[in-house]
1. Do you know which residues across segment 170-200 are hydroxyl-bearing (S, T, Y) and touching a Ser or Thr at 6+ places or on another chain (Cβ under 6 Å)?
2. State which residue is nearest to A164 (Cα to Cα) when the search covers only segment 217-244 and only residues that are β-branched (V, I, T) and in contact with a helix residue (DSSP H, G or I) (Cβ under 8 Å, 6 or more places away or on another chain).
3. Looking at segment 139-191 only, could you name the residues that are surrounded by 20 or more Cβ atoms within 10 Å (Cβ to Cβ), within 23 Å of the chain's Cα centre (by Cα) and β-branched (V, I, T)?
4. If you check every pair at least six apart or on different chains, which have Cβ atoms under 9 Å apart with a residue in segment 69-93 that is outside the structural domain of P24 (by TED's automatic domain parsing) and closer than 28 Å to I418 by Cα first and a residue that is surrounded by 15 or more Cβ atoms within 10 Å (Cβ to Cβ) and of a type in the set (D, E, K, R) second?
5. Only one residue in L240, L252, L246 is within 22 Å of L50 (Cβ to Cβ) and touching a residue at least 12 places away in the same chain (Cβ under 8 Å). Which one?
6. Quick test for you: out of G390, G367, G372, G408, pick the one residue that is under 19 Å from G271 (Cβ atoms), of a type outside the set (D, E) and over 16 Å from the mean Cα position of the chain (by Cα).
7. Of everything in segment 213-252, what is in a loop (DSSP other than H, G, I, E, B) and either of a type in the set (A, V, I, L, M) or touching a Phe, Trp or Tyr at 6+ places or on another chain (Cβ under 8 Å) (or both)? Give them in sequence order.
8. Within segment 162-169, can one find any residue that is more than 30 Å from R211 (Cα to Cα), out of contact with any helix residue (DSSP H, G or I) (no Cβ under 7 Å at 6 or more places or on another chain) and not acidic (D, E)?
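The values are calculated or read from the model by the stated rules, or taken from the named source; none is laboratory data. Note that the structure is a prediction, hence the values are computed from the model and not measured. As a convention, Cβ positions derive from the backbone with ideal geometry for all residues, glycine included, and neighbour counts pool all protein chains shown.
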Amino acid sequence: EVQMAPGKTGGDGLPPHVLIFPLPLQGPVNAMLKLSELLCLAGIHVTFLLSNFSYALLRRHSDIESRFSRYSGFRIAGIDDGLPEDRPRVGVGSIDLLSSILRVGETELRKVLEATDSLRDGSARRRVSFIIIDGILNFVLPVAEELGIPVVHFRTISACSFWASFCSKEVIAAGELPLRGEEEGKYEYWRNPNLDLPVTSIPGMEAILRRRDLPSFFRVTDPNDSELQMLATDTRKAALSAGLILNTFEDLEGPIIDEIRKRIPNVYSIGPLHTHLKSHLDPRSSSVASSSSFLREDRTSIDWLNSQPPKSVIYVSFGSLTQLTEEEHLEFLNGLVNSGHRFLWVVRPDSIAGSDKVAIPEELEQGTRERGYVVEWAPQMEVLAHPSVGAFFTHGGWNSTLESICAGVPMICWPYFIDQPTNSRFVSHEWKVGLDVNSCDRVVVEEMVREVMEDRRRDELSER
């Protein structure tokens, strides 16, 4: 339980002033805004450091300004993410964004911290007394040390994925990397039987992970790959900070959190943030149903769900960054239509790589009209809580996984990248609240949808 003690004031009568710096992507921003609101409710002043590009999206599509206007101690400071406005920030573009932030971030942070008045509002707040950063933004550490400001890492991924990443040096030393060939295509790679070999070098996961379940940055052609080595080193820097925050809870990931504490004593498992925030807000407050979305949420999705029978719909969303090929999109659509079940599918405008529109055969159009509904974005927590939803077909991002678990909705996980393969494995084989699929073959998709939507199987997964 998150204890909401009032923020202690200093000799100047002002509460602590926390600077929160997320990676400017939908998932990390979503989690860190929830933490920010919990801190505001505790009377702590918060400055949220956000890229100008992401802030513009939030202002356009979410209620961030009205939602936080009630907290006099909250403000947003904008920085340049170093990319042109027209540069894509999804799919592989998200990796470009990370590279750019790592390149320009220190300079941008110094501008903000050195412009003291911009963070103090005259004498209404202290200088920054504490920094919470996304755990990969380690350029903050030397700046904060120079200024004498303590830093805590907040990894917005699961504890199991963080721990796998933290142990990357052990995985490399054990020769357990899921190496891929120089010219090997994605699906040829996925069929490699070596990917099913167990990973034995990560304490606490010896009987759980296969090589294919490791975070996607392990999938290199050479163990000396510079990006892999950099990520291995950077992840370990969490041990140099004042602590590590994880949006998880002990009942779900306790054994893995115990392993992490052997290396990083100050670990704070404070999740699920969305349920804690809901419990601390007035049920009549607009924040209970608030949005932190970079895209406009289509509320006709709720109207459509209102007209469907209980537990009859599978909700399909692969998150804010996944990009499918046209072939993958059509395979998924064939599987959904052929399953015979109703489906609500989120298809972002930029979710199909290199294409604005996919040519859909008439029989699939007809099947979608009869049993499906497609929107560009949906109010996900509201969808998952809807009585018509029986299952969630997801990419296995951590926010989506937590929200689905808390809503009691079983999952089919089709992991795309980063932490998602590890999450998917734990969902299916450790927590047993869903199914793990490493194929987009229409027959496999059809079978998986039927299995998870079948009453007895769905109830088994929901009751876990």
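1. Within segment 170-200, no residue meets the criteria.
2. Here the residue is T235.
3. Selection gives V140, V151, T156, I157.
4. none
5. Being within 22 Å of L50 (Cβ to Cβ) and touching a residue at least 12 places away in the same chain (Cβ under 8 Å) holds for just one of L240, L252, L246, which is L246.
6. G408
7. Correct list: L214, R219, V220, A242, G243, N247.
8. No; the residues of segment 162-169 include none that is more than 30 Å from R211 (Cα to Cα), out of contact with any helix residue (DSSP H, G or I) (no Cβ under 7 Å at 6 or more places or on another chain) and not acidic (D, E).
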